[in-house]
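Asks: Structure incoming, see below.
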Amino acid sequence: MFDEASSSPVVTQLRKGVLEYCVLRHLDAGPEYGLELANKLGEDGLISHGGSLYPLLSRLRNQQLVETFWQESESGPPRRYYRQTPEGRAALRRFLPEWRSFVDRVNQLMKDVE
């Protein structure tokens, strides 16, 4: 779960840098509505509240990496669901080797720091 008290400015910046790919990763498994996605990202320790997620989802939609659709809900009004587009899937697949290489380089550089 996200622990805002232990979140340093450095960690906050790291989260911001990769959050869109974490969203795409969650949507890789299938469509999700906003609150469901926000809860999962909170459990991952990546966001503290859903309000910061919706501007990101809007940007991803404008970039055509996600698309939306409405679906009736049994427990209230219709929900807006987000699903990854083929372009979003491709962006995630391009990101993964770059991310792994970056993390490996940083880990290598920092390994002897005490």
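The values are calculated or read from the model by the stated rules, or taken from the named source; none is laboratory data. Given the structure is predicted, the values throughout are model-derived calculations rather than measurements. Note that each Cβ is placed from the backbone with ideal geometry, even for glycine, and that neighbours are counted across all protein chains shown. Heavy atoms of the whole protein, side chains included, go into the accessibility calculation; ligands, DNA and RNA do not. Shrake-Rupley method; radii C 1.70, N 1.55, O 1.52, S 1.80 Å.
Asks: Among the residues of segment 45-64 satisfying the criterion of being in contact (Cβ under 8 Å) with a residue 40 or more places away in the chain and open to solvent by 20 Å² or more (accessible area, probe 1.4 Å), which is nearest to residue 89 (Cα to Cα)? Steps first, please.
Replies: Initial filter on segment 45-64 (in contact (Cβ under 8 Å) with a residue 40 or more places away in the chain): 45-48, 60.
Next, only the ones that are open to solvent by 20 Å² or more (accessible area, probe 1.4 Å) stay: 46, 48.
Numbers: 46: 20, 48: 25 Å.
The extreme case among them is 46.
Asks: Of the residues 100, 105, 94, only one is under 16 Å from the mean Cα position of the chain (by Cα), closer than 18 Å to residue 17 by Cα and either in a helix (DSSP H, G or I) or at pLDDT 90 or above (or both); which?
Replies: On the way: 100 fails: under 16 Å from the mean Cα position of the chain (by Cα); 105 fails: under 16 Å from the mean Cα position of the chain (by Cα).
Result: 94 is the single residue among 100, 105, 94 that is under 16 Å from the mean Cα position of the chain (by Cα), closer than 18 Å to residue 17 by Cα and either in a helix (DSSP H, G or I) or at pLDDT 90 or above (or both).
Asks: So which residues in segment 28-44 are open to solvent by 40 Å² or more (accessible area, probe 1.4 Å) and either under 18 Å from residue 18 (Cα atoms) or among the small types (Gly, Ala, Ser) (or both)? Give the steps one after another, and end with the answer.
Replies: Step one: list which residues in segment 28-44 are open to solvent by 40 Å² or more (accessible area, probe 1.4 Å), which gives 28-29, 31, 33, 35-36, 39-40, 43-44.
Within segment 28-44, 28, 29, 39, 40, 43, 44 meet the criteria.
Asks: When residues of segment 25-34 are filtered for being in a helix (DSSP H, G or I) and touching a residue at least 40 places away in the same chain (Cβ under 8 Å), how many remain?
Replies: Within segment 25-34, the subset in a helix (DSSP H, G or I) is 25-28, 34.
With the extra rule that they be touching a residue at least 40 places away in the same chain (Cβ under 8 Å), the set shrinks to 25, 27-28, 34.
Matching residues across segment 25-34 total 4.
Asks: Would it be correct to say that residue 72 is in a helix (DSSP H, G or I) and open to solvent by 50 Å² or more (accessible area, probe 1.4 Å)?
Replies: Working: in a helix (DSSP H, G or I): no; open to solvent by 50 Å² or more (accessible area, probe 1.4 Å): yes.
Against the criterion (in a helix (DSSP H, G or I) and open to solvent by 50 Å² or more (accessible area, probe 1.4 Å)), residue 72 does not qualify.
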